[in-house]
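Heads up: the structure comes next, in structure tokens.
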Amino acid sequence: MAAVEDHAGVDDELREQLECNVCTDVFLDPVTTPCGHTFCKECLSRAVDVRNTCPVCRTVLLVGSCTQIPVNITLAGVISKLLPATLAARRERAAEEAAGTLSTDGAPDAREGLLPIFVMSEMFPHQKMQLNVFEPRYRLLVRRALEGNRRFGMVEYDRGAGGMKSLGSEVEITKCDPLPDGRFHVTIVGRRRIRVLSSRVQDGYALATVRYLKDDDEDLVPCPDLRVIMPDNLRDTFTQIETQEDATLMPMLIQLVKKVAHEVSKTTVKAINKMRADRTPRSANHMQLMMFLHQLAGGVPLDENVDADALSWSLAQTTQALPGGFAPGGENEAPSFLRISTVKERLKLGLVGLWNMVGLATKLCETLDAEGTPDGAGGETEDGEGDDGMDEGGVEEHVEEEDREATEASPETPDPSTSYE
Ligand SMILES: [Zn+2]
Ligand SMILES: [Zn+2]
């Protein structure tokens, strides 16, 4: 095959006219801005990630419309006619660079892969989150993910080490709204657990080699001995059901979770009613705590066909958010549900977390009962009225709405000046 050669008539002066100001290479997919300057499509996108002005004349550009400027077909045609060899080499370099930045494998049975990492907060499989992506490096990460398999890693920022934690989740972009100023509103869903094996910085963000964790992975641990922290009445139930085969045990665990989640709702509503009737300033904090517990329990999916794995991760979310936290840790690892090996173990742990919520609410109810109101009997009557006056279902609906808003609020990304190790 004859080698493709550049047109002999192109002198240096003409060649210079066909070069991008940003990469100083021949234009690849040339786009022309409203101010009349031309850049490679990718070069312009990356330039406006950092500053929304034209790299040549500093005219302010609308970033969102910038990334949608169509390629200048005439100019692209002229370049491919005059400089076919230079263009082919340029395209190859660009492809190599992109290949090194995309997530390499979305296959469900892959054991290891390459993932760009968004360092922010802990995320579990099945968990949904909305992100407001404004940092240039993460805008680039999201744009690249959208061009590939829409996946990246989400790992919690590690304050202690000043980098990122080693356990996290692979997430998938399920919805993306680009904003005119270049930011993205994306909805992501956790897919599977990952462990970061090694990472390097690529264009500002971390690109990591990760292992996809399976339930039987050696990195994971079984549930710690719950009997230490388990209340007596739950311990008996556990002792009874733990002798069962997994096939019988799982539905039993799910039933138990449903029962206890309902118990949390009931007890917290009771406490909330009591405090509404009470109306003393001292109950303001308690009221907030109760509303919070009520919302947490409301987030546990309890429909008929709930998937055990999804349920276990929603419990992880619920109990991890408990005041004071509630999750097992290892010696070298911050406490996290991500370390707990199987669905069964996570269900057990989540159940104990839920049960602790019941305990908290009950204790508060008892305290309020014991304190009463200054004139004694008056407290009883007011409590009674409060219970009658407040419809349980009404509270639940209202609170669930709030809960949904809370889960969908855009969390802030960590300080842009933080770096990875
Ligand atoms: Zn360029
Ligand atoms: Zn310009």
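Some notes on this structure:
- Charge dipole magnitude, Cβ of K and R +1, D and E -1 - segment 112-212, Cα centre, debye nearest 20: 200
- Cβ-based net charge around A76, under 13 Å, with every Lys or Arg adding one and every Asp or Glu removing one: +3
- Charge tally around D49: other residues with Cβ under 15 Å, Lys/Arg +1 each, Asp/Glu -1 each, net +3.
- Counted by neighbouring Cβ atoms within 10 Å, the residues I340, I73 run from fewest to most as I73, I340.
- Tensor-based shape of segment 119-272 (alpha-carbon gyration tensor, a/c under 1.5 rounded, otherwise prolate or oblate): prolate
- Compared with the alpha-carbon gap, the fully stretched path from D215 to A161 is longer by 16.7 nm at 0.36 nm per residue.
- Highest mean first, the peptides 33-39, 209-215, 90-96 sorted by other C-beta atoms within 10 Å per residue fall in the order 209-215, 33-39, 90-96.
- Inter-part distance, segment 343-367 to segment 200-217, computed on C-alpha centroids, equals 34 Å.
- Cβ crowding within 10 Å ranks V306, V358, V171 as V306, V358, V171, fewest other Cβ atoms first.
- Packing-based ranking, highest mean first, of 201-208, 237-244 given that Cβ atoms within 10 Å are counted: 201-208, 237-244
- Compared with the alpha-carbon gap, the fully stretched path from T24 to K259 is longer by 78.0 nm at 0.36 nm per residue.
- Counting every other Cβ atom within 10 Å of each residue's Cβ, Y157, Y138 order from fewest to most as Y157, Y138.
- Formal net charge of residues neighbouring T248 (Cβ-Cβ distance under 13 Å; K, R +1; D, E -1): -2
- Förster radius 41 Å - calculated FRET efficiency between T239 and R192 (Cβ-Cβ, nearest 0.05): 0.80
Taken together, the values in this text are just the output of simple stated rules run on the coordinates, not laboratory data. Since this is a predicted model, take the numbers as computed values, not measurements. Counting neighbours? That spans all protein chains shown, and the Cβs are built from the backbone with ideal geometry, glycine included.
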